[in-house]
2 protein chains.
Amino acid sequence: MSLKFNLLHTSEQGGRRAQIDLPHHTVETPVFMPVGTAGSVKAVPQDILESLGAQIILGNTYHLYLRPGHEAIRRMGGLHRFISWPRAMLTDSGGFQVFSLAQLRKVTDEGVRFRSHLDGSSHLFTPEHSMDVQIALGADIAMAFDECTEYPADRSRAEESLRLTMAWARRSLDHLRAHQNEVPWFADLGGRAQSLFGIVQGGMYRDLRRESAERLVEMDFDGYAIGGLSVGEPRDLTMEMIAEVLPLLPADKPRYVMGVGYPEEIEQYARMGVDMMDCVLPTRAARHALLFTSEGRLNIKNKQFAEDQGPPDPNCDCIVCRRYSRAYLRHLMQAGEALSATLNTIHNLAYYLGIMRRVRAELDAQTAPVTPSLAR
Amino acid sequence: MSLKFNLLHTSEQGGRRAQIDLPHHTVETPVFMPVGTAGSVKAVPQDILESLGAQIILGNTYHLYLRPGHEAIRRMGGLHRFISWPRAMLTDSGGFQVFSLAQLRKVTDEGVRFRSHLDGSSHLFTPEHSMDVQIALGADIAMAFDECTEYPADRSRAEESLRLTMAWARRSLDHLRAHQNEVPWFADLGGRAQSLFGIVQGGMYRDLRRESAERLVEMDFDGYAIGGLSVGEPRDLTMEMIAEVLPLLPADKPRYVMGVGYPEEIEQYARMGVDMMDCVLPTRAARHALLFTSEGRLNIKNKQFAEDQGPPDPNCDCIVCRRYSRAYLRHLMQAGEALSATLNTIHNLAYYLGIMRRVRAELDAQTAPVTPSLAR
């Protein structure tokens, strides 16, 4: 059995409050998933991620395949055990990084041949190989191998890219289903299976997006992602594509928009009915001095904070805002102290996870029974 | 009132179990003090330092004077408040870094003129200025401005260096005593004063060391440090100098050996009667993959640990050893992950602080009343 999706409530605007029961954790949605690229959400220890309420984190297949290698991780019992993360995990297919990081790519129907950005060694990723790697890593959710269509892409390019992604989706699904009992924790977790999500592509063409969604739904994945967004297009277009696709996806499966976004975006998408989102923004921005706060974005390097003894965000009760001042965070950044990345990232993640917590609470409130006055 | 020293027990070998009552914290000794160079024990959040049992940490006057500047820290209420560290702190005099980091030094009886290693700007440190900076920082313990005699140094060089250090000690003491009510927290902490330690120098000449100790004791400092050790000399010589000086220091004042050392050294010195020690070794080594464990030193980068799922130290119950494997720590180091420095440092500090905890417990056991069998 793969994931169980328990839809608790749908708001008038389409926002969904649900639970995704996964082998390692039951995830309350809408959920934001911090990105743990190479087996670490950069600069943050796992116990702090837990205390922040992170329910599910990402691992990047491309990075982990190259280092330390998926076979090593398989031998050590899978990614959860390797990085000591007891809650849920999701791995991407490796496709996105192959296209953005690797060198000398050559795409054929078979797959993508590329050179490692680490040592120039040559590798071939096919849908089958991506599944094999993801099975070895053993995240709760694996992603179909796809080509992330660049922006802008003309129609014929978007059509060709979609053709490839749809063929690879079929092959990904067939291969994962045939090998799903090979996941490292299969026996330990009573025969629960890895889930596989298909990825809707189609560039910025509404009809291609629809076609992509319909064909994937026909294949019957465990969940559906909308990919190829946040690749440089204007935000209206992102919204338009999401709005086009969501109604075509089955109500009883999770919906995941990949690689978004700014705080106001993830809140908006969650209210529209997106269940899952991930983005490097809160963690990457933190390392570059950008803090997200209830008072807006704040470049903590700015001189104006040199003697500002207030907390980074006066409306935040995270462990960073409760203890440290803007002046201290600025100093750490100026002095090149490693603690800077850790504290900034903790706050930004607290902020992102807090947004989702608030949206969930609002959706919960819409379904809460009226409390009898006696019970107060 | 400056520090209160409460000597609980002295062992046959001279080991001392004591308490140092300081304005911000009562420190149980023997104690190891992690180094927080620029206002951060590199890569470790303050709450983790607290949970590791760090009682007192160091700040480096040279670094904090250059960035963010002692006047800014004074305006923000002192170093404790600036970095949000509620327990005890000690600042060095800036002398050591002026001699090791700064450029174009010119030493006169007045003080040291140097250029900042950050921007080449010109600065003059005198004993009076070092005290002014340390008062602004407001650590519980300040250190007299001294010249750390290099190794090897011939006798005339060591004599001249000692002459300077003794003159500067007198000026440091006079200046601090005259201005001790200017420390930022003076009023908040009921008029408690900063303490000042003199620093014994004298190179590797036993008679110069004796002379230095005797003259400092005459000046009546709040505590006494032995400086100019661990500067490249053989360890026998370090031991010899410490053994020469300790008996000359008053039993009712704390004794601090600066800049030591390896785990076996700090244990040995603590058993000889050294109350306080500091060293960058556990934190700096951690960032370079060197872990101190009950099974010896371990270079976590080594290939042999690639799939080693055991804890870094099987006899350690720190938060790192309880949760993470050697294989994971190796991977973090290989992948250049920021978490590597954090986890390695936490373990090494736990190991160092654990040594001192064990020595304290042993000294306590020597004084514990025999438990009546009924009380079991």
Selection status of B:Gly14, closer than 30 Å to B:Met333 by Cβ, in contact (Cβ under 8 Å) with a residue 60 or more places away in the chain, surrounded by fewer than 22 Cβ atoms within 10 Å (Cβ to Cβ) and away from chain A (no Cβ under 14 Å) | no
Does the range B:221-233 hold any residues that are open to solvent by 10 Å² or more (accessible area, probe 1.4 Å) and either in contact with a Pro (Cβ under 9 Å, 6 or more places away or on another chain) or of a type in the set (Phe, Trp, Tyr) (or both), and which are they?
-> B:Asp222, B:Gly232, B:Glu233
How about the range B:73-130: which strands (runs of 3 or more DSSP E) wholly inside it have at least 1 residues that are more than 14 Å from every other protein chain (Cβ to nearest Cβ), open to solvent by 70 Å² or more (accessible area, probe 1.4 Å) and within 23 Å of B:Gly232 (Cα to Cα)?
-> B:103-107
Flag for B:Asp313 being without any contact (Cβ under 8 Å) to a residue 60 or more places away in the chain, in contact with a Cys (Cβ under 6 Å, 6 or more places away or on another chain) and more than 14 Å from chain A (Cβ to nearest Cβ) | yes
So, in the range B:340-367, of the ones that are under 13 Å from B:Leu52 (Cα atoms) and of a type in the set (Gly, Ala, Ser), which residue ends up farthest from the other protein chains (Cβ to nearest Cβ)?
-> B:Gly354
Being among the hydrophobic types (A, V, I, L, M, F, W, C) and closer than 30 Å to A:Gly69 by Cβ, is that true of even one residue in the range B:272-288?
-> yes
Somewhere in the range B:277-291, is a residue open to solvent by less than 10 Å² (accessible area, probe 1.4 Å) and farther than 30 Å from A:Arg81 by Cβ?
-> yes
Right, A:Ala54: within 22 Å of B:Val320 (Cα to Cα) and away from chain B (no Cβ under 13 Å) or not?
-> yes
Restricting the range B:323-339 to residues that are touching a residue at least 24 places away in the same chain (Cβ under 8 Å) and either under 17 Å from A:Thr342 (Cα atoms) or hydrophobic (A, V, I, L, M, F, W, C) (or both), which is nearest to the other protein chains (Cβ to nearest Cβ)?
-> B:Ala338
Counting only residues that are out of contact with any Leu (no Cβ under 7 Å at 6 or more places or on another chain) and either in a strand (DSSP E or B) or open to solvent by less than 40 Å² (accessible area, probe 1.4 Å) (or both), the range A:1-11 contains a total of 7
Close pairs from the range A:191-208: first open to solvent by 10 Å² or more (accessible area, probe 1.4 Å), partner assigned to a loop (DSSP other than H, G, I, E, B), Cβ under 7 Å, at least 6 apart | A:Arg192/A:Met1; A:Arg192/A:Pro23; A:Met204/A:Tyr151; A:Met204/A:Glu233
Return yes or no: is B:Pro68 buried (at least 16 other Cβ atoms within 10 Å of the Cβ), at the interface with chain A (Cβ under 10 Å from one of its Cβ atoms) and not in a strand (DSSP E or B)?
-> yes
Select from the range B:234-266 the residues that are among the charged types (D, E, K, R) and crowded, with 17+ Cβ neighbours inside 10 Å and write down the one among them that is farthest from B:Asp222 (Cα to Cα).
-> B:Glu265
Which one is farthest from the other protein chains (Cβ to nearest Cβ) among residues in the range A:27-49 that are in a strand (DSSP E or B) and within 20 Å of A:Thr367 (Cα to Cα)?
-> A:Thr29
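The values are calculated or read from the model by the stated rules, or taken from the named source; none is laboratory data. Note that the structure is a prediction, hence the values are computed from the model and not measured. So basically every Cβ, Gly included, is an ideal-geometry build from the backbone, and we count neighbours across all protein chains shown. Just so you know, the surface numbers come from the protein's heavy atoms only, side chains and all, with ligands and any DNA or RNA stripped out. Shrake-Rupley method; radii C 1.70, N 1.55, O 1.52, S 1.80 Å.
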